[in-house]
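Participant: This is the structure I have questions about; it appears just below.
Each value in this text was obtained by applying a stated rule to the coordinates, not by laboratory testing. Everything numeric here is computed off the predicted structure, so don't read it as measured data. Here the Cβ is made from the backbone with ideal geometry for all residues, glycine too, and neighbour counts use every protein chain on show.
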Amino acid sequence: MIGRERESEILRLYHAEKWKVGTIARQLGLHHTTVRRVLAQAGVDAGRSFERRSKLEPFLPFIRETLEQYPSLPSSRLYQMAVERGYRGAADYFRSVVARYRPKKKHEAFLRLSTLPGEEAQVDWAHFGKIAVGSTFRALWAFVMVLSFSRRLFLHFYLSAKMECFLDGHVRAFEAFGGVARRNLYDNLKSVVLERAGSVVRFNQTFLDFAAHYRFAPVPVGIRRGNEKGRVERSIRFIRQSFFAARSFRDVADLNTQAEHWTAGFAAERACPGDRTRTVREVFDEEQPLLLPLPENPFPIAHRAEVEVGKTPFFRFDSNDYSVPHQYVRQTLVVLASPTELRVINGQIEVTRHERSWDRGARVEKSEHTAALWQEKRRARRGSALARIEHTVPSSKKFLRTLAEQGANLGNATLLLLRLLQNHPARELDRAIAEALARGTPHFGAIRHLLDERRKRRGQPPPVTAHLRDERLQNLVVEPHDLGTYDVLGGIKNEK
C-alpha cells in the first residue's frame with residue numbers, strides 16, 4: 001500500500017507533467033502495476049492497461065454478479081474462482097478491477113437523540129474480570145443505570161448476573177434516584193428478552209411482572225444496535241477510566257461503598273453532557289420530581305429453587321452446603337435466594353435463614369442446628385442404654401423410678417448403671433439393686449457395698465473401676481505370662 005500523498009504525486013506527474021507509466025514508476029521507485037492501479041482507480045486509461053483489461057473482459061459479468069450476491073467476498077477468493085474458469089491474468093490487476101466493481105458500503109447516519117426529563121433510563125451489565133472469593137474466583141459484574149436526561153449514574157457490583165442480582169440492581173437504583181424513569185432501554189439479554197423475531201419480542205415473564213410493579217416500560221434496543229443506548233455505553237467507559245482503573249478494595253462490599261461515594265460525589269459534580277454549563281447534580285435536581293414515584297411495597301426479587309436435604313442435615317445451593325434443623329433430613333425444601341441472603345421454607349413455614357456465600361465448596365452451618373442434632377443423638381444413646389439396662393437388670397426400672405422421685409439426674413444414673421454392668425455380672429447387679437431397695441437404701445453407694453461384700457465372700461479381688469472411654473480398651477484381654485523364666489534366672493544368679 002502507498003500513501004495518499006504518493007497517489008497524488010502519481011496523478012500530478014501523469015496529468016500535469018505528461019510522464020509515462022514507466023517513467024513514473026522508475027522515478028518514484030514503484031512497480032509499474034502499482035502506478036497503473038492508482039491511475040485505474042482514478043478512471044485513467046494508462047495505455048498498456050487496455051491489454052490487461054482485455055484478458056479480464058469476458059469475466060466482468062461474472063465478477064459483477066458474484067459481488068452483487070456476496071459483497072464482502074475477498075478478492076483473493078474471487079481471483080481463484082476466475083482462474084478456475086480460465087482467467088490467466090495477473091492477480092494485482094485483477095484486485096484493482098474488483099475494487100472498482102465492489103459495492104460500496106453505505107454508512108448510516110445517526111440523529112442526536114434527546115429525551116424529556118424523567119422519560120428514559122438506560123441499563124446494562126459490564127464485566128470487570130474476576131476476583132478472589134474465599135477459595136475460588138468469581139466474575140465481577142457491574143450493574144449500571146443512567147438517566148438519559150441528566151446522566152445521573154447508579155453503579156453497584158455483583159458476583160453474578162443472575163435474575164436476582166439484576167432485579168436487586170434495579171431496586172437499588174430506583175431507591176437511589178428516588179423514582180423510576182417511564183421507560184428503560186436494554187440489550188437483548190435473557191433476563192429481559194427470552195426470544196426475538198424481528199420486532200416481535202417474547203419477554204421474560206418475571207421481568208414483565210417486575211416492570212408492571214414499578215410501572216415502567218421495558219424497551220429492548222435493536223439487535224446489534226448499541227448506538228441506541230449509547231449513553232449507558234459511554235457511562236461504562238467513563239466508569240472504567242475514572243473509577244475502576246488502579247483502584248484497590250478489600251472485597252465487593254468495600255468496592256460498592258467506594259462506588260456509592262464516587263457516584264454521589266465526583267460523577268455527580270461533572271459537567272452534564274447535554275448542558276455543559278450545569279453539573280449532573282443540578283440537572284438531576286430538575287429531573288427527579290418528574291420520575292415515577294416508588295410503590296409502597298417492594299417487589300419480591302428472590303430467586304426460587306427447590307433443594308434436596310440428604311441423610312445429613314445440609315442442602316447444596318450454588319456449589320455450597322447450608323445447614324437445616326435435623327428433622328428436615330430426606331425432605332425437599334424451597335430456597336428463596338437474594339444476592340445477600342438465603343431463606344429456606346417448607347410450605348408456609350420458614351425453616352432457617354443463612355447469609356449467602358459466594359465461595360465454592362463452603363460449608364455454612366448454624367451452631368444451633370449442630371447442637372440440636374448432638375442433643376438428639378445423646379438422647380437416642382441414652383434411650384438405647386436404658387432399654388439395655390432394663391432388659392438385663394429388671395430391678396433397675398424400679399430403682400430409676402425411685403431416683404426420679406428423689407429428683408436425681410437420670411442421665412447420670414443410667415451412665416453409672418452401665419459402668420456397674422461392665423464390671424459385674426447382670427445377675428449380681430440385679431440382686432444388689434433389689435436388696436438395696438428392700439433395705440430402703442436406694443443409692444449407688446449401697447449397691448457398690450453389697451457387690452463388694454459378695455465378691456469378698458467368694459474370694460474374688462475387687463473389680464477395676466476405671467472408666468475406659470475407648471471401646472477397644474474396654475474389651476481388651478491381657479494374657480498373663482509364665483513367670484518360671486524369672487525363677488530360672490534367679491537360680492543361675494545364686495549359683496554364681
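Participant: Could you work out how much longer the chain between VAL329 and VAL171 gets when fully extended? Use 0.36 nm per residue separation minus the Cα distance between them, nm to one decimal.
Facilitator: Gain on extension, VAL329 to VAL171, equals 53.3 nm.
Participant: Taking R0 as 41 Å, what's the FRET efficiency between ARG247 and VAL364 from their Cβ-Cβ distance, rounded to 0.05?
Facilitator: About 0.90, to the nearest 0.05.
Participant: Here is a follow-up. Simple spin-label model, 7 Å along Cα-to-Cβ: LYS162 to GLU286 in nm?
Facilitator: Here the answer is 4.3 nm between the modelled labels.
Participant: Here's something else I'd like to know. When Rg is the radius of gyration of the Cα atoms in the range 172-224 and Rh is its Kirkwood radius, what does Rg/Rh come to?
Facilitator: In the range 172-224, Rg relative to Rh is 0.99.
Participant: Which order, highest average first, do 428-438, 80-90 follow once you tally other Cβ atoms within 10 Å for each residue and take the mean per peptide?
Facilitator: Descending packing order for the listed peptides: 428-438, 80-90.
Participant: Report, by chain and number, residues whose modeled amide H sits under 5 Å from the one on GLN331, excluding near sequence neighbours (fewer than 5 apart, same chain).
Facilitator: Correct list: VAL309.
Participant: Calculate the spin-label point distance for ARG427 paired with GLU296, positioning each point 7 Å from the Cα along the beta-carbon direction, and give it in nanometres.
Facilitator: Output for this residue pair reads 8.2 nm.
Participant: With +1 on each Lys and Arg Cβ and -1 on each Asp and Glu Cβ, how big is the dipole of the range 303-364 about its Cα centre, in debye rounded to the nearest 20?
Facilitator: Value, rounded to 20: 120 debye.
Participant: May I pose another question? Taking the highest mean first, how do the peptides 265-273, 319-327 order by number of other beta carbon atoms within 10 angstrom per residue?
Facilitator: 319-327, 265-273
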